């Protein structure tokens, strides 16, 4: 106790406190040790529990810029404090990232006591506010101190979330039993293992995992229904079973859980299950911050007005993530997951209102949403495929799905997903049909090709399952795989014509070609990116690849040897660089300018380095357009 008190007498501003108060403070201090190179706090992410006073060792504090470079690096040494400014002026969140540069020992003062001292002693309080004022005179420091968002919350995720792989986490062991095991036996095993999830294997000799049982399963399917607990557990199993590679990133696991609506993920290494993750654990861990908590809040929204408010918060989240240096492809996935979650909520609401569908169906999304590449300027692109029914039921089935599609589409529009001007949405009777009708459409587009049908097929090929019976989508893909092996040269010819329609805006003298838009000279970012989408889609079609995301398609094409490693990397880097510029500009238009976002960019608003980067990207796009021309349209000359 005397050691702590003696030390506190040497520390400013504690040496300004009355002796009896200082003695009481010293008694309440907690000693904490941090190993060398340990990350103590994350900038704008970690909520501080209190004030750290360095006794031995050293803290290094810094800001991250958008390229993840460390800026305004400072050392906090013996007799100095960290956390006061953050507690008082940054909603208790750490202003900077903090790393222990040596083995470090600190005295920790709980924020409750710290704030009480600030309230009671002006000298003590003014030390921290004056220190903040002095630091804000440093222009670089002031630049990186971000004001609180208009929504009063931060959507920034900790750096670990976007850099840490699943294999670094502590996984929960997989516990298994066969489907013929009695329910009561499984419940006893769960209690003994102190686990809320037990995985169930098939009763045959293969013994593959077919589902899982949780505390909630037992409550809802056994206790609530007074079911016989001696029956086989296979009769109450929950599905689907979803797995992920241990090499995947933590954020990928969380996004996959939201997309598949599962609370548990099996983790595999080289084809073997090595453990599992629970969504609750990930979402309550320090490493999983606001973007995913935000998605959870969207899932829990109760009505259209609340969903609309949530969607209006997305631009702020996008801007913060990009400004922190999070990759545009990850931001795309976050946007897509939010919009998917909203659409699924509306679909389930429509079914609750209209009653169960009279046939199996798939609600699929097309275009940029189908590719999981949504921006903040987005309209509806969706369609419905329902199973074929007998003649007497056809009209009834069609009437239901058209009414259903209209209800979902109108609510999407109300939330902020505007109607598609081209009519590519399920509300349009042309885009809600039986499976056999869809098959005829695809055959017609491929065999009777012209520039218009080429565009229609392009939109339809970027289709992704969102809700319903996935086997319908599987059957469509199997059908297309067969059709694409037939002679369809005319179809590929017009697909190539579409891909070559827009040339990168690069002049002969390597300047950026612009056109007038209001008072600015601009180029269209969306049209500049479209040749990459078109090119990759064409090769995916030719090789019967049914992944929809541009990055995923490129990875598969690279594996097949269609593109070299360097070609795939050039295309990916070019595409996502443009995507990052596009997303950030749209977010700024919404947040700062309070205007509808667009896809126009004035090169004069960019730095010289950014302009040079754009010119190199335009050259990459032009080179790959030439590859299409040679590979698919030799007759064009």
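Scanning the stretch 431-452 for residues that are surrounded by fewer than 13 Cβ atoms within 10 Å (Cβ to Cβ), more than 18 Å from residue 471 (Cα to Cα) and at pLDDT 90 or above turns up just one, 440.
The set of residues in the stretch 296-334 that are over 30 Å from residue 71 (Cβ atoms) and in contact with a helix residue (DSSP H, G or I) (Cβ under 8 Å, 6 or more places away or on another chain) comprises 296, 297, 298, 299, 301, 304, 307, 308, 310, 311.
Here residue 511 passes the criteria (1) crowded, with 16+ Cβ neighbours inside 10 Å; (2) within 29 Å of residue 611 (Cα to Cα) except the one numbered (1). Do we find a residue being within 15 Å of residue 366 (Cβ to Cβ), in a helix (DSSP H, G or I) and over 31 Å from the mean Cα position of the chain (by Cα) anywhere in the stretch 417-432? The answer is yes; a qualifying residue exists. Residues that are farther than 23 Å from residue 375 by Cα and touching a helix residue (DSSP H, G or I) at 6+ places or on another chain (Cβ under 6 Å) do not occur anywhere in the stretch 585-596. Suppose we keep only residues that are in contact with a helix residue (DSSP H, G or I) (Cβ under 8 Å, 6 or more places away or on another chain) and assigned to a helix (DSSP H, G or I) within the stretch 253-265. Which one would you say is farthest from residue 172 (Cα to Cα)? Selected residue: 259.
With respect to the conditions (1) buried (at least 21 other Cβ atoms within 10 Å of the Cβ); (2) under 15 Å from the mean Cα position of the chain (by Cα), residue 313 lacks only one, and its number is (1). The criterion of being surrounded by 18 or more Cβ atoms within 10 Å (Cβ to Cβ), within 21 Å of the chain's Cα centre (by Cα), part of a helix (DSSP H, G or I) and modelled with pLDDT of 90 or more holds for residue 572.
If I go through the stretch 316-327 residue by residue, how many of them are under 23 Å from residue 574 (Cα atoms) and in a helix (DSSP H, G or I)?
6
Residue 463 falls short on exactly one of the conditions (1) buried (at least 21 other Cβ atoms within 10 Å of the Cβ); (2) over 30 Å from residue 350 (Cα atoms); (3) in contact with a strand residue (DSSP E or B) (Cβ under 7 Å, 6 or more places away or on another chain), and that condition is (2). When each of 611, 589 is tested for being surrounded by fewer than 20 Cβ atoms within 10 Å (Cβ to Cβ) and under 25 Å from the mean Cα position of the chain (by Cα), the lone residue that passes is 589. Among residues of the stretch 550-567 being surrounded by 20 or more Cβ atoms within 10 Å (Cβ to Cβ) and under 13 Å from residue 627 (Cβ atoms), the one that is nearest to the chain's Cα centre (by Cα) is 557.
Looking at residue 244, is it under 30 Å from residue 318 (Cα atoms) and modelled with pLDDT of 90 or more? So residue 244 passes the test.
For the stretch 214-223, the criterion of being outside the structural domain of residue 335 (by TED's automatic domain parsing) and touching a strand residue (DSSP E or B) at 6+ places or on another chain (Cβ under 7 Å) is met by at least one residue.
Residues in the stretch 483-513 that are under 24 Å from residue 382 (Cα atoms) and free of Cβ contacts under 8 Å to residues at least 60 places away in the same chain: 483, 491, 494, 498. What about residue 579, is it in contact with a helix residue (DSSP H, G or I) (Cβ under 7 Å, 6 or more places away or on another chain) and in contact (Cβ under 8 Å) with a residue 60 or more places away in the chain? When the stated conditions are applied, residue 579 passes them. The test for being touching a residue at least 12 places away in the same chain (Cβ under 8 Å), under 24 Å from residue 24 (Cβ atoms) and exposed (fewer than 13 other Cβ atoms within 10 Å of the Cβ) holds for residue 123. Would you confirm, using the coordinates I've provided, whether residue 36 is touching a helix residue (DSSP H, G or I) at 6+ places or on another chain (Cβ under 7 Å) and more than 21 Å from residue 9 (Cα to Cα)? Here the answer is no, as residue 36 does not meet what is asked.
Of all the numbered requirements in (1) over 23 Å from residue 468 (Cα atoms); (2) touching a helix residue (DSSP H, G or I) at 6+ places or on another chain (Cβ under 6 Å); (3) surrounded by fewer than 19 Cβ atoms within 10 Å (Cβ to Cβ), residue 250 misses one, and that requirement is (3).
Can residue 352 be described as surrounded by fewer than 18 Cβ atoms within 10 Å (Cβ to Cβ), in a helix (DSSP H, G or I) and either in contact with a helix residue (DSSP H, G or I) (Cβ under 8 Å, 6 or more places away or on another chain) or not assigned by TED's automatic domain parsing to the domain that holds residue 96 (or both)? Answer is yes for this residue. Scanning the stretch 403-419 for residues that are in contact with a strand residue (DSSP E or B) (Cβ under 7 Å, 6 or more places away or on another chain) and crowded, with 21+ Cβ neighbours inside 10 Å yields 405, 417.
Apart from one condition, residue 340 fits all of (1) under 15 Å from the mean Cα position of the chain (by Cα); (2) under 25 Å from residue 434 (Cα atoms); (3) surrounded by fewer than 21 Cβ atoms within 10 Å (Cβ to Cβ); the exception is (3). Across the stretch 322-337, the qualifying residues are those that are in contact with a strand residue (DSSP E or B) (Cβ under 9 Å, 6 or more places away or on another chain) and modelled with pLDDT under 85, and the one among them that is surrounded by the fewest Cβ atoms within 10 Å (Cβ to Cβ) is 325.
The values are calculated or read from the model by the stated rules, or taken from the named source; none is laboratory data. All values derive from a computational prediction rather than experimental measurement. Positions of Cβ are backbone-derived with ideal geometry, glycine not excepted, and every protein chain shown enters the neighbour counts.
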